[in-house]
Amino acid sequence: MSEIKFKDGKLPNVKVKVKPIFRKDGLADIGHEANFLFGSSNYKVTLPLSRTGKDMLVNPFNDDKEKEYLENVLGIPLNPYGKDSYFRNYTITLDKSIKVLDLSDPVQYLNYLVLSANKNVIRSLNSDYGSREHKFKLVTEDFETQKTAAKANNMFEAYAKFGELRNSKHKLRSFLRAYGKRVTNQPIDWMQAEVQKILTEDIEGFLKIIDNPKYEKIVFIEDAVHVGAIIKKDGKYTTAEGDQLAFDGKMNNLEGAIEYVFSDENQQLYLILKDRIENAE
């Protein structure tokens, strides 16, 4: 059912965008007309059949009061059940363009309810998570504003962090290793370009690593892997001598290696690894 509802005898004073979902599909890139609909083609959205009974339609209403209000305002019986249901011939036509629904308008609110009930529309409002059968999503205008602002904030923060790295070969190399890149003695302009590429393609991944409270420890482990002081194989970590870098009963992974190496009882191991890293560099 829809997440914005009729309440206290009033329709919600909200505008919702109906947006087509463009996906890269085979040889058709996002934006190519073959990716969604050709030319002036359109898409018909109807109230789907219910699984509870033969030839019964899904009930799009949140409750009886909502249904009764719309019936009174529109002057139409809106029973979704039965072969003579008004919704049998109720069709909403969509295309590649974005439609805006003013939910304070009874007809547009009814369209919103029908769209929310259709399997080709992502049921969760403001969600990007859907299967390939989903053709459209519903997005509130304020959510889009917030999302744009959050994206801009992420960009400003990411480039500020990049500014702290860009002139340091050591810092650039450390970040790229923490990100999972194999870096040896590449020139600084190559590393700058690689980080710039990450900023362009995966800004959230960049911030997730650089803002991680354990960032310096992750860098230390990856540096130790690079110089051979730690062996990383199949996601597991051991010393060069073959000792596991994880406490008994704990997962042998990056988190486990960090916990083990930086524990009070393994300070001697930490100093050995540190010395091997410094001498190798």
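The values are calculated or read from the model by the stated rules, or taken from the named source; none is laboratory data. Note that this is a predicted model, so its numbers are computed, not measured. Using ideal geometry, Cβ is built from the backbone for each residue, glycine included, and neighbour counts are taken over all protein chains shown.
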Restricting attention to the range 56-100, the residues that are part of a helix (DSSP H, G or I) and touching a Leu at 6+ places or on another chain (Cβ under 7 Å) number exactly 5
In the range 1-36, anything at pLDDT below 55 and part of a loop (DSSP other than H, G, I, E, B) is listed as Met1, Ser2, Gly26, Leu27, Asp29, Ile30, Gly31, His32, Phe36
With respect to Asn126, is the statement that it is modelled with pLDDT under 90 and either among the polar types (S, T, N, Q) or surrounded by fewer than 17 Cβ atoms within 10 Å (Cβ to Cβ) (or both) true? yes
Among Val139, Val107, the single one that is of a type in the set (A, V, I, L, M), at pLDDT below 90 and at negative phi is Val139
Leu47 passes all but one of the listed conditions (1) modelled with pLDDT of 85 or more; (2) aliphatic (A, V, I, L, M); (3) outside the structural domain of Ser116 (by TED's automatic domain parsing); the exception is number (3)
